[in-house]
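Participant: First the structure, then my questions, so here it is.
The values are calculated or read from the model by the stated rules, or taken from the named source; none is laboratory data. Please read all numbers here as calculations on a predicted model, not as lab measurements. Heads up, the Cβs are rebuilt from the backbone with ideal geometry, glycines too, and the neighbour counts pull from every protein chain shown. These accessible areas exclude ligands, DNA and RNA; they are computed on the full protein's heavy atoms, side chains included. Shrake-Rupley method; radii C 1.70, N 1.55, O 1.52, S 1.80 Å.
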Amino acid sequence: MIQLNDKDAGVIIAKGFIGGLASHTGGSNSYVVSISPIIRVDIKDTRIRISYTIQSYEVDKYVGGGVMGSISGSKAVKSAEKWALEKCFPFQEKDGYKAKKSSSKALVMTHAYSNVVMDKIEEAVKNGLIGNENDNW
């Protein structure tokens, strides 16, 4: 979603959503991590600068949805949480959300997706968007 498109200032700001980026099932709980990256493109003369920012992880936590819950047959209770990156592993040795494996997987996948987005933007800048103008998509 485009949040700002200011041609005079040479700034485009977009916000995306990547659902189910990472998941992990622990002993008691399970987690599904999503992100909403903010992508800022600054255009000046013949230069382009791209910033890719993640504010937080958006987590669906399933309490009782872990391995032990599966064994006992209990129903998991879903709660939505936002995890501040600075409280997650590896930025904190003791993960503030007690979900070290989930936040570790999310970090790796966030980096991978940022590389994909940057590559796609670079390709569009170098080659243009020729051939993508029709409404049949």
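Participant: Of these, 45, 8, which one is under 27 Å from residue 125 (Cβ atoms), at pLDDT below 90 and open to solvent by 80 Å² or more (accessible area, probe 1.4 Å)?
Facilitator: It is 45.
Participant: Picking from 64, 73, which residue would you name as being open to solvent by less than 30 Å² (accessible area, probe 1.4 Å) and at positive phi?
Facilitator: Sole residue among the options that is open to solvent by less than 30 Å² (accessible area, probe 1.4 Å) and at positive phi: 64.
Participant: When you look at residue 3, is it open to solvent by 80 Å² or more (accessible area, probe 1.4 Å), touching a Leu at 6+ places or on another chain (Cβ under 9 Å), polar (S, T, N, Q) and farther than 18 Å from residue 122 by Cβ, yes or no?
Facilitator: Against the criterion (open to solvent by 80 Å² or more (accessible area, probe 1.4 Å), touching a Leu at 6+ places or on another chain (Cβ under 9 Å), polar (S, T, N, Q) and farther than 18 Å from residue 122 by Cβ), residue 3 does not qualify.
Participant: Scan 61, 94 and give me the residue that is within 22 Å of residue 28 (Cβ to Cβ) and free of Cβ contacts under 8 Å to residues at least 12 places away in the same chain.
Facilitator: Matching residue, one of 61, 94: 94.
Participant: Taking the range 21-31 as the search range and keeping residues that are open to solvent by 50 Å² or more (accessible area, probe 1.4 Å) and assigned to a strand (DSSP E or B), which one is nearest to residue 62 (Cα to Cα)?
Facilitator: Within the range 21-31, the match that is nearest to residue 62 (Cα to Cα) is 25.
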